[in-house]
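Derivation of every value follows stated rules applied to the coordinates shown; laboratory data play no part. Values in this document were obtained by computation on a predicted structure and should not be read as measured data. Neighbour counts run over all protein chains shown; Cβ positions are idealised from the backbone, glycine included.
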Amino acid sequence: MLPAKTDFEGVLKALVNARVEFIVIGGVAAIAHGGARATYDVDVVYARNRDNVRRVVNALGSFRPYLRGAPKGLPFVWDERTVWNGLNFTLETTLGDVDLLGEVTGGGTYQELLGAAEEVQLLGQRCRVVTLEKLIQLKRAAGRPKDLEAIAELQALLEERRSQQGTPPKKSP
């Protein structure tokens, strides 16, 4: 279930229209695979190359990105230099919360995750989403209570998918 706080479709549309290379992970990826848990932000792993960083900055720039949880008035400039000097950004924007990750625990970089991503139609946009198997691995690696709670649902979805495909159950990834 997608709560109203973040315009999930708007975030994805902005990234897709700007031709940003990204992979959706986290709660929105879980929903893409049939999960029913609420999520409040869009988590994406982005490619860290010059052209893509420029596209990311342009895609989100008009939505006034600011560091989520930072005191108001803290100087923060959203530009290519900022993205190059950082890696992972938890942002609040006028579209809602976006976690922009150059690297993710248990999955690595965009390039390292590409082999564990599939192209899907999601919220009106064609984009890459991490596979269900890899999503479970990412949740395990994150180890936060909310991620560990989500694993049972994701594992059930994986087992259901495998039984529908006639694939014998495997041990958890």
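Yes/no matrix, rows are residues, columns are (1) more than 16 Å from Cys127 (Cβ to Cβ); (2) of a type in the set (S, T, N, Q); (3) in a loop (DSSP other than H, G, I, E, B):
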site	(1), (2), (3)
Gly35	yes, no, yes
Val45	no, no, no
Asn52	no, yes, no
Val56	no, no, no
For this session: Report, ordered by the first and then the second residue, all pairs with beta carbons closer than 9 Å, sequence separation of six or more or different chains, a first member in segment 59-85 that is on the phi > 0 side of the Ramachandran plot, and a second member that is loosely packed, with under 13 Cβ neighbours inside 10 Å.
Result: Arg64/Thr94
Exercise. Regarding Glu153, is this residue loosely packed, with under 14 Cβ neighbours inside 10 Å and farther than 28 Å from Asn58 by Cβ?
Worked result: no
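Specify which of the listed residues (Trp78, Trp84) is outside any helix (DSSP H, G or I), of a type outside the set (Val, Ile, Thr) and surrounded by fewer than 22 Cβ atoms within 10 Å (Cβ to Cβ).
Result of the check over Trp78, Trp84: Trp78.
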For this session: Return a yes/no flag: does segment 101-108 have any residue that is touching a residue at least 24 places away in the same chain (Cβ under 8 Å), surrounded by 15 or more Cβ atoms within 10 Å (Cβ to Cβ), in contact with a helix residue (DSSP H, G or I) (Cβ under 6 Å, 6 or more places away or on another chain) and closer than 19 Å to Gly34 by Cα.
Result: no
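Sort through Ala30, Ala38, Ala70 and tell me the only one that's out of contact with any strand residue (DSSP E or B) (no Cβ under 7 Å at 6 or more places or on another chain) and buried (at least 19 other Cβ atoms within 10 Å of the Cβ). Walk me through it before giving the result.
Working: Ala38 fails: buried (at least 19 other Cβ atoms within 10 Å of the Cβ); Ala70 fails: buried (at least 19 other Cβ atoms within 10 Å of the Cβ).
Step by step, each of Ala30, Ala38, Ala70 is checked, and only Ala30 is out of contact with any strand residue (DSSP E or B) (no Cβ under 7 Å at 6 or more places or on another chain) and buried (at least 19 other Cβ atoms within 10 Å of the Cβ).
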